[in-house]
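In what follows, a single structure is set out as structure tokens and then discussed.
The values are calculated or read from the model by the stated rules, or taken from the named source; none is laboratory data. Values in this document were obtained by computation on a predicted structure and should not be read as measured data. Virtual Cβ from ideal backbone geometry, glycine too; neighbours counted across all protein chains shown.
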Amino acid sequence: MALKYSVEGVKALERELDSLKAELRKLQIYKNKTAAENGDVWHDNNDFEQAEIEERRLQKSIADLEEKLQKVEVISTDTSSSSDTVNYGALVTVKIKGEDDDPDDEDVITLWFSDSGEKAGCTKTNVNTPIGKLIFDKPVGFIGNYVVDNKGAKTTFTVEILDIQYPD
């Protein structure tokens, strides 16, 4: 299954990968130094053992990120022709209601449609999330449902797009 990211999102993933690789190189230098000074047997050299554990964690993170990057499908984020629909960079105000018709079980939130960075006061989402898949490329007034599966307990939410803005 392809993961959909904007060009900016792919660049953020690549920066994260570069950072992890640089951290791994530094750790490997440290690990070699501590092995040379104090031996490479874990029970004799706690620093060496800790470095090996961290090295495995970093290698796993790098492998996972490389696999993710292989599955990426870059999508258009051009909002010039579709400013009336949800795309990357949009601030989207939505009303979310639970399964019952209880008016107290209703929230209005602002979503920032992005796959990189943060925006104060907004919940970030993108096309790879259930709500993001539902509202992507949809106009104001769209109403749809999505299901959240929490360990077998499925809950259906109704989402209505109230407003779409593209701030400068």
| query | Is it the case that Gly121 is at pLDDT below 90 and under 27 Å from Leu69 (Cα atoms)? | reply | no
| remark: Within the stretch 126-144, residues being within 19 Å of Val72 (Cα to Cα), surrounded by fewer than 17 Cβ atoms within 10 Å (Cβ to Cβ) and small (Gly, Ala, Ser) number 0
| said: I'd like the full set of residues that are in contact with a Phe, Trp or Tyr (Cβ under 7 Å, 6 or more places away or on another chain) and part of a loop (DSSP other than H, G, I, E, B), limited to the stretch 105-153. | reply: Ser114, Asp115, Lys119, Cys122, Asn126, Val127
| note | Subset of the stretch 9-48, residues exposed (fewer than 14 other Cβ atoms within 10 Å of the Cβ), over 22 Å from the mean Cα position of the chain (by Cα) and within 14 Å of Glu66 (Cβ to Cβ), comes to none
